[in-house]
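This report refers to the structure that appears directly beneath it.
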Amino acid sequence: MNVTRLSSLSMAVTILGLIAVWILSGLVSGNVGPMTQKSDGEKETLPLMQRVRVRTIVAETPVTALTVSGQTKANRTVVVKAATAGQVAEVFVKKGQLVTTDQVIVRLKEEERPARLAEARALVHRREIEYEAAKALEQKAFASRVRLAEAGAALSTAKAQLAHVQVDLDRTRLYAPFSGIVESCPVTVGEFIPVGGTIATVVDFSRVVVGAEVTEKDVATITPGSEAEAVLSNGQRFSGTVSYISKVATQYIKTFPVEVSITNKAGTVRAGLTAELHLPRQRRSLHAIPPSALTFDRAGRVGIKAVIGSPPDIVTFFPIEVITSTHNGKLWIAGSELCLPPVIHLITVGQEFVTVGQLVKAIPETEADSDDGATL
C-alpha cells in the first residue's frame, strides 16, 4: 500500500516538472505565439520574433572640420646683424616702431672707409691707364702679350679692391629687410658692434601663421590651399588658408605640423596667442546617426547594428569610426574597416537585445511611433 502511494506521488511530481520545463522553455526561447488553424483542422504554434525599431539612413557628403589647438606666430622674424665692425653713429628707430622695406635703422661710423674708397678709385684709374698703354704697345709690337696680360690682371685686382671697400662702406648702414615692427633694438650710440653683432629684430605681422599638429590618421584628410578658420582665445574669428602641411612626422609623438596663414593688416593678432583651428576635411561619404545607436560587438569594437534582407530581417554589425558631431547632436560616422552601404536600416531601439545573425521584425520609426502596443 505504501509502495503504491509513493509511486503515484513520484509520477505526479515528474509530470508537474515536465510541464514546468515545457512552459519555461517556451518563454525563454520566445517560441510561444498565437495559434493558427491549418487547412486540415490541426493547430500549430508560430514563433513571435523580436521586434526592433529601425531608421533608414542615407549617406551624405557633408563638409566636416577637424578641430585642433594651435598657437599664433609672426609670418616672418629677422634678426638684423652687422656685417662689418664699427661704432654706432646713429639709431633711427626704437622698439615697437613701424618700419618699411629698406628703411635705415642704424648707421655705424664710416671712419677711414671713405679715404680707402678714394684710394681704391685712384688705383683703378691708374691701372686703367697702364692697361691702355700696354694694349697700344702690344698692337704696335713694342710690348709683348705677356705685358698686356699683366696690366689687365692688375686692373682687375684694383677693381675688385674698389668693390670690396665700397661694400664695406655700404655696410655701415643697416636696413629693415621688410615692412614690419621693430621688436627690439638693443644698440646705443657709441657702442662698438663686432661683425655678427645684433642690431635689431624686425617682425612681419602683415600675415600671422597659426601652427598646430594633427595625428597621422587625420593629416591625410587635410588639403593644402583649403580655407580654414582660426578662433582666438578672446573669441575673435579669422578666415585663413592651409599654407603648409609637413611631410615628416615629429620625432616623439608622431604628429604632423600644419600651418594656417591669416591676414593681419590691422595688426590686431599678436604672436603667441592660443587659437582653435577648424581645418576642413576632404569630403567623403558619411552617415548621420544618433549617439544612442552606438554599440559594441564581442571583440569590443564600436559600431552599429542594422538589418539587412527582406522580412524576416537579419541583424548585422558594422564597425564604424566617429568622424565628428553635427550641430543638432548627431554623429557623422564612416566604416572603420569597410565602407558602409549607401543606405542602412539602423536599429535605434532594441540593438542591445539582439545578436548578429538573428532574425527580427524591423519596425520603421514612423510606424513604430504610432504603434503604442508594439513591444520593442
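The values are calculated or read from the model by the stated rules, or taken from the named source; none is laboratory data. Quick caveat, the model's predicted, so the values are computed rather than measured. Note: ideal-geometry Cβ built from the backbone for every residue, glycine included; neighbour counts use all protein chains shown.
Inside the stretch 104-132, residues that are among the charged types (D, E, K, R), assigned to a helix (DSSP H, G or I) and in contact with a helix residue (DSSP H, G or I) (Cβ under 7 Å, 6 or more places away or on another chain) make up a count of 6. Only a single item in (1) among the β-branched types (V, I, T); (2) in a strand (DSSP E or B); (3) modelled with pLDDT under 90 is not met by V146, and it is number (2).
Check whether at least one residue in the stretch 147-170 is closer than 13 Å to L108 by Cβ and in contact (Cβ under 8 Å) with a residue 12 or more places away in the chain, and report yes or no. Checked against the condition, which is being closer than 13 Å to L108 by Cβ and in contact (Cβ under 8 Å) with a residue 12 or more places away in the chain, the stretch 147-170 yields at least one hit. R121 satisfies every condition listed in (1) touching a residue at least 24 places away in the same chain (Cβ under 8 Å); (2) farther than 30 Å from S239 by Cβ; (3) under 54 Å from the mean Cα position of the chain (by Cα) except (3). Looking only at residues of the stretch 217-262 that are touching a residue at least 12 places away in the same chain (Cβ under 8 Å), assigned to a loop (DSSP other than H, G, I, E, B) and hydrophobic (A, V, I, L, M, F, W, C), we find that the one that is farthest from G180 (Cα to Cα) is I253.
For the stretch 342-376, the candidate set comprises residues that are of a type in the set (S, T, Y) and modelled with pLDDT of 50 or more; within that set, the residue that is nearest to I304 (Cα to Cα) is T348.
Of all the listed residues (V322, V302, V343), the sole one being among the aliphatic types (A, V, I, L, M), over 27 Å from E216 (Cα atoms) and either surrounded by 12 or more Cβ atoms within 10 Å (Cβ to Cβ) or in contact with a strand residue (DSSP E or B) (Cβ under 6 Å, 6 or more places away or on another chain) (or both) is V343. Considering the stretch 286-331, and only residues there that are at pLDDT 90 or above and hydroxyl-bearing (S, T, Y), the residue that is nearest to V231 (Cα to Cα) turns out to be S292.
Does K265 satisfy being farther than 27 Å from V52 by Cα, free of Cβ contacts under 8 Å to residues at least 60 places away in the same chain and out of contact with any His (no Cβ under 6 Å at 6 or more places or on another chain)? Yes, satisfied.
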